Structure formats: C-alpha cells, structure tokens
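Each remark here refers to the structure printed beneath this line.
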Amino acid sequence: MRCKNMVNVGRRQFLRGGAFATAGAAVASVSGTQAKATPANARVDYPSNRLANLSELVVNEPLDIEYPDADSPGVLIKLGQVVEGGIGPDGDIVAFSTLCPHKGYYMSYNSEDRTLNCPGHFSRFDVEVGGQQTWGHATNNLPQFALRVDDNGDIYAEGADELIYGRLSNVL
Ligand code: FES
C-alpha cells in the first residue's frame, strides 16, 4: 500500500514537472514570436571597390583581385564574347570569388575550357555561365561579383550574388 502511494506521488510530481515544462515552452514560444516580429536587417551594404581599368585587361588572362576585402580573393576576366553577367563595351568582363564554395580551397583558372578549378575535391565552375558548377562536391555555384564600368573605363565591384565561403555575411 505504501509502495503504491509512493508511485502516485511520483506520478503527480512528474505531471507537475510536465505542466511546468509546457508553461516554459509557451513562454519561449511567446518570446520566439516577439523575436520574429523584429527580424534583423539582412541587407548588406557592399563597398564599391575599383578593381582595374579596361585598358589593363587581356582576353582570357585573369587578373587577381580582392573583394569585398583583402581576405576574399577573386579574379577579373575579360572573355572576348558576351557572357552572363558580363559588363563593359563587349559585355564580356566578369569577376568571381576564387574560394571554392565547398571547403574554401583556392581555385585556379583554366584558360582552355574557361573554368575555375578546385584542387581540393575537383569541383569546376564555368565562368561563361555565371559561375555554374559543372562538376564536384560543392553544393552551390560560385559567387559572382557585380561589376560597373565608369566613363574612364575604371571597373568597380559592388556586390556578390552568393555567400563567399566561410562567411555568415559577405561584408564583415
Ligand atoms: Fe573545392 Fe571540396 S574544397 S571541391
């Protein structure tokens, strides 16, 4: 009999604990609702950085750049034909991050097939079609930098269309 009473006491304690946990969850839920009501501003203010002048570019010879800061390597390439996202008088100048989106290995440019290639796990990205991945372990395309050319032929980078490897925000 005593043993049965102990079981009942234990059951009541358990239920009380459960009720407390439910109340706690309700409070957390209310807090979560409040947090959602004021979302953080996700918009990123990109810097406008001069990368080069049109006169410095040679068709199919990549120029090393850094954007949006010195810890983010990339390439600026004049491809000699109109391409996706290409700017300039010939619509053929593009720029990409050279950090592989998979695990951040530094990639190199293959001028024969116009791809950026990763030595880590062999992902390949086609620079003629917006950095689309054509092979390998990466799960997203290569970040392409938004470019602008001014009246003097100076080329500026002013944004990126994907998250640069290793970052929670492209602009730190
Ligand atoms: Fe480039 Fe893995 S780091 S494919």
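We did not get these values from a lab; they are worked out from the coordinates using the rules stated. Not measured: the values here are computed from a predicted model. Cβ sites come from the backbone with ideal geometry, for glycine too, and all protein chains shown count toward neighbours.
The table below lists the values:
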{"read-out": "Cα→Cβ-extended label distance, 7 Å offset, between Asn53 and Ser169, nm", "value": "3.5 nm"}
{"read-out": "Theoretical gain in end-to-end length, Ala146 to Lys103 [0.36 nm per residue, Cα-Cα removed]", "value": "13.2 nm"}
{"read-out": "Pairwise label distance in nanometres, Leu63 with Asp90, each label 7 Å out on the Cα-Cβ vector", "value": "1.4 nm"}
{"read-out": "Formal net charge of residues neighbouring Ile164 (Cβ-Cβ distance under 14 Å; K, R +1; D, E -1)", "value": "-3"}
{"read-out": "Two-site label geometry, Val44 and Asn110: point separation in nm, points 7 Å out along Cα→Cβ", "value": "2.8 nm"}
{"read-out": "Full-stretch length increase - His137, Glu162 - with 0.36 nm per residue and alpha-carbon distance subtracted", "value": "7.3 nm"}
